[in-house]
Every structure is written in C-alpha cells, then in structure tokens.
Amino acid sequence: MQLVLAAKYIGAGISTIGLLGAGIGIAIVFAALINGVSRNPSLKDTLFPFAILGFALSEATGLFCLMISFLLLYGS
Amino acid sequence: MLNLLNTYINSPLDQFEIRVFLGFVSPFYDLSCLSFTTFSLYTLIVLSVILGLNLLTNNNGKIVGSRWLVSQEAIYDTILNMVKGQISGKSWGYYFPLIYTFFIFIFTANLISMIPYSFALTSHLVFIVSLSTIIWLGATITGFYRHGLVFFSLFVPTGTPLPLVPLLVLIELLSYIARAISLGLRLMANILAGHLLMIILAGLTLNLMSINIFTLVFGFVPLAGILAILCLEFAIAMIQSYVWAILTCSYLKDSLYLH
C-alpha cells in the first residue's frame, strides 16, 4: 500500500509537465496579438477579445493536465 | 471529504467541503439531497446579489437609471453584442436570455468565491460538468429538431476529398462529444486550481511569517507574489464566465446553422 501511495505522488509530480504546453500556447497567442496590433494598431479592440478567448482555451488544456495531478494527489 | 477524527492537519481542500445546515429527513425514500447545504446557501447569496444589483439600482423605474445601473447596462450590452455577433441571423434573440443567465450566474458565483473564507460554487465537478453536458445535449437536440438527419453534415468539413471523409467524420464526432465535458471541465479546473493554489501559498507564507521578526519582515515579498496571483484569479474568474458564454453561443450556432 505504501508503494501505491508513493507511486501516486510520483505520478502527480510527473503529470504537471503538461503545463509546459499551456505556457507555450499562451505565449504564442499573445505574441500573435502583439504582432497583429503592431502591424495595424486600429485593430486593437477587435483582436483583444479573440486574444482573451485564446488565452482561456489554451489555459484550459493545461489545467486538464493539472486536474489529473489533483486527482492523483487528493482522490480517494 | 468526511473527516471523522479531529486530526491536526487541515487539508487545503477543506474550503470546498459541503456542510449540511438543515438536514431533510424523509421516512421511506432517502431524500437527503434536498437538505439545505453550503451549496444552497451560496446559490441564494448569488441570487440576492444579482437581484440586488438589478432591482435596487434602477432609480425607481425612471428611464435614466442611477450610476450603479450603468454597470448592469454595460454587462447587458456586452453580452447582447456578443450573442448578436456569434449567433448572427434570424434567431439570435431566442437564445440571448439563456446566455445572459449563464454569464451573470457564473460571473457572480466566481466573484463571490474570491471573498476570503467563502465557498466556490463553480469548482464542483458534478454541478458544472452536468450543466455543460445538459447544454451540449440541448444543442444537439435543437440541431436534430431543426435539420433532421442532415445534422450529421456538421461533421464533414467543407471541401474534403472523399476518401478522407470517414476518418475525418470519426475525428469530428469525437471532438463534438468532447465538447460536453470540456466546456464544464475548463471552468471547474480553472477555479479549483486557482483557489487551491492561493490557499496553499497563503498557508506556506503564514508558516514563514510566524517564525520570528526577521521572517515577518521578509515575508512581505512572497505576500506581494500572492497579491499578483490574486489579481490573476480575479481576471480568470471574469474571463472564464465570458468564455463559457461565448463557447455556448458557438455551439448553438453550429447546431442552428450547420456551418
């Protein structure tokens, strides 16, 4: 039983590697926003809601991975 | 998380625990799901906040509302333009009250959960994922009602070569079914992770600052970090409700107009 508990904790730690993708994804979204606004500054108010939507969707996939980690840590 | 023994370590998950305030006891069939719990209390608090912000601010029903009503009108206008932009066409007006209700409920529930020692309604998996599954099911049934069996043309992207179609239909079907849980899981994972992170960091900083006077002074540095994370959590609370509303509009548009 102690081995299962130890394996759960190790798994919870390893599964947070998926948040790497979330970080890179969010950076790509905002890099595209900066690029787009620098080419055409009048599109700031059109592009900003899309950037927020992209940020939230990209963060969501990273947090799916964190959810697995929480399940391993705190699930019974 | 039923903690029968009074153990010394309090888990950071205790903030999500649901306690029963007024139990519902029934003789033949177990109806204890109708008891008054923290969940019911906080939905009543959310209801009273929403009603208060709309009814107490309308300046006795005059045409020009008070300054507090400007915030409500701003939210109404944002959601109206968003729904009109997403579900453009003849029938966007039918779905606007539903989208506004979802938005204002999740917005208020998320912001109330930011009060210290409060309870996060939207961090409960069963509630949020069942809500998103029901929305998805409703959109699917709307699609079948409107288009009949032509609804399955949603899964074939326009302009694909014919040999690739079976594979693409399977992938699109899987992606469509994943919408049911991903909509709810996104909101729930964000709010749960944010609140758990804040409580764990705050507990660690409390332990640090209670050692001696030097760590008390130094402890304001991690406290500033927690303040930054708090600001991020406020932004995420508001953004996630907007993302829920805009994705629900997008799924309804797919069902109503089929690309």
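Heavy-atom accessible area of B:F39 with all protein chains present, probe 1.4 Å, nearest 10 Å²?
Its heavy atoms expose roughly 50 Å² to the probe.
Report the accessible area of B:H124, computed with a 1.4 Å probe over the heavy atoms of all protein chains in place, in Å² rounded to the nearest 10.
Here the residue's solvent-accessible area equals roughly 30 Å².
At 20 °C and 1.002 mPa s, what whole-number value in µm²/s does Stokes-Einstein give for the translational diffusion of the protein assembly as shown, with Rh from the Kirkwood sum over Cα pairs? Can you show the working numbers first?
Working: Rh = 23.1 Å.
Taking Rh from Cα pairs, D becomes 93 µm²/s.
Carbon and sulfur together cover what percent of the accessible area of the protein assembly as shown at a 1.4 Å probe radius? Could you put the intermediate results ahead of the total?
Numbers: 15130 of 20500 Å².
Percent of accessible area from carbon and sulfur atoms in the protein assembly as shown: 74.
With every protein chain kept in the model, how would you rank B:T133, B:T205, A:T46 by accessible area, 1.4 Å probe, largest at the top? Don't skip to the end; give the middle numbers.
Working: B:T133 50, B:T205 10, A:T46 80 Å².
Largest accessible area first, the list is A:T46, B:T133, B:T205.
Mind checking the log10 I(q)/I(0) for the stretch B:44-103 at q = 0.21, 0.22, 0.30 Å⁻¹? Debye, one equal scatterer per Cα, no solvent, two decimals.
-0.88, -0.93, -1.15
If one computes the Cα centroid of the stretch A:1-48 and of the stretch B:48-73, what distance in Å separates the two points?
39
What is the packing order of peptides B:72-80, B:55-63, A:49-57, B:237-245, taking the mean over residues of other C-beta atoms within 10 Å and listing the highest first?
Numbers: B:72-80: 14.4, B:55-63: 9.8, A:49-57: 17.6, B:237-245: 21.8.
Highest-to-lowest ranking by the protection proxy: B:237-245, A:49-57, B:72-80, B:55-63.
Which of B:G143, B:G194, B:G159 moves most in a GNM of chain B, Cα contacts under 10 Å?
Comparing B:G143, B:G194, B:G159 in the GNM, the peak value goes to B:G159.
Compare B:Y145, B:Y95, B:Y176, B:Y117 by solvent-accessible area with a 1.4 Å probe and give them largest first, with all protein chains kept in place. Walk me through the numbers before you get to the answer.
Values: B:Y145 200, B:Y95 45, B:Y176 15, B:Y117 225 Å².
Solvent-accessible surface, decreasing: B:Y117, B:Y145, B:Y95, B:Y176.
By a straight-distance test (C-alpha under 17 Å), which lysines pair with B:K90 as possible cross-link partners, with residues fewer than eight away in the same chain excluded?
Straight-line reach from B:K90, under 17 Å: B:K253.
Mind putting together the pair-distance distribution for chain A? All Cα pairs, 10 Å bins, whole percent per bin, short to long.
Taking every Cα pair in chain A, the percentages come to 19, 33, 21, 15, 9, 3, 0.
Which FRET efficiency, nearest 0.05, do A:I24 and B:V150 yield, Cβ-Cβ r, R0 45 Å? Please report the intermediate quantities before stating the final value.
Working: r = 40 Å, r/R0 = 0.88.
According to the calculation, E is roughly 0.70.
I want to verify a result. In a Gaussian network model of chain B, Cα cutoff 10 Å, which of these has the top mean-square fluctuation: B:A193, B:A202, B:A224?
B:A224
Out of every Cα pair in chain B, what percent are spaced more than 34 Å from each other? Write down the numbers at each step before the final one.
Working: 12124 of 33411 pairs.
That tail contains 36 percent of the Cα-Cα pairs.
Quote the convex hull volume per residue of the stretch B:106-218, based on C-alpha atoms, as a whole number of Å³.
Working: hull volume 18.6 nm³, N = 113.
Convex hull of Cα atoms, per residue: 165 Å³.
Taking 50 Å² as the minimum loss, tell me which residues in the stretch B:179-209 lose that much accessible area going from the chain by itself to the full protein complex (1.4 Å probe).
Residues shielded by partner chains are B:R186.
The values are calculated or read from the model by the stated rules, or taken from the named source; none is laboratory data. Note that the coordinates shown come from a computational prediction; the quantities given were computed from them, not determined experimentally. Cβ atoms come from the backbone with ideal geometry, glycine included; neighbour counts cover every protein chain shown. All accessible areas refer to the heavy atoms of the entire protein, side chains included, with ligands and DNA or RNA removed. Shrake-Rupley method; radii C 1.70, N 1.55, O 1.52, S 1.80 Å.
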